[in-house]
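The values are calculated or read from the model by the stated rules, or taken from the named source; none is laboratory data. Keep in mind the model is a prediction, meaning the values are calculated, not measured. Here Cβ is always computed from backbone atoms with ideal geometry, including for glycine, and neighbour counts include all displayed protein chains. For the accessible areas, the whole protein counts, side chains as well, though only heavy atoms, and no ligand, DNA or RNA atoms are used. Shrake-Rupley method; radii C 1.70, N 1.55, O 1.52, S 1.80 Å.
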Amino acid sequence: MQALSNARQGESYTIKWMFGLPDVLEFLHSRHVEEGSTIRVIQQCRDSVIIGVQDIRLVLGYEVAEKIKV
């Protein structure tokens, strides 16, 4: 298990667990990013990660990506 911030670009992962501020988690859950979801890492940037889940693309800051384990 590793942090999403360390995941490889172009790979698909299943989210094992995630924690953080309730507002952030609520936002992610509303976009189908939750435990058991399969996501694809589209791009690793210097301070963010772009992920795809279903037909949605999200940019997550490094701090948020550190708290998501895949």
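Just a few scattered comments:
- Near pairs, Cβ below 7 angstrom, 6+ apart or cross-chain, from the stretch 25-48 (farther than 16 Å from Tyr62 by Cβ) to any residue that is of a type in the set (D, E, K, R) and part of a loop (DSSP other than H, G, I, E, B): Glu35/Lys16
- Considered as a group, the residues in the stretch 34-47 that are part of a loop (DSSP other than H, G, I, E, B) and among the charged types (D, E, K, R) include one that is nearest to Met1 (Cα to Cα), and that residue is Glu35.
- The set of residues in the stretch 53-65 being open to solvent by 70 Å² or more (accessible area, probe 1.4 Å) and within 17 Å of Tyr13 (Cβ to Cβ) consists of Gln54, Arg57, Val59, Tyr62.
- Single match in Ile42, Ile68, Ile50 (criterion: hydrophobic (A, V, I, L, M, F, W, C), out of contact with any Ser or Thr (no Cβ under 7 Å at 6 or more places or on another chain) and open to solvent by 60 Å² or more (accessible area, probe 1.4 Å)): Ile42
Residues are listed down the side, and each one gets a yes or a no for (1) at pLDDT 95 or above; (2) among the polar types (S, T, N, Q); (3) part of a loop (DSSP other than H, G, I, E, B):
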{"site": "Ser5", "(1), (2), (3)": "no, yes, no"}
{"site": "Tyr13", "(1), (2), (3)": "yes, no, no"}
{"site": "Gly20", "(1), (2), (3)": "no, no, yes"}
{"site": "Val24", "(1), (2), (3)": "no, no, no"}
{"site": "His32", "(1), (2), (3)": "no, no, yes"}
{"site": "Val49", "(1), (2), (3)": "yes, no, no"}
{"site": "Gly52", "(1), (2), (3)": "yes, no, no"}
{"site": "Val59", "(1), (2), (3)": "yes, no, no"}
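- Scanning the stretch 10-33 for residues that are open to solvent by 70 Å² or more (accessible area, probe 1.4 Å) and within 13 Å of Val70 (Cβ to Cβ) turns up Glu11, Lys16, Trp17.
- Residue list for the stretch 36-47, restricted to those being of a type in the set (D, E, K, R) and modelled with pLDDT under 95: Arg46, Asp47
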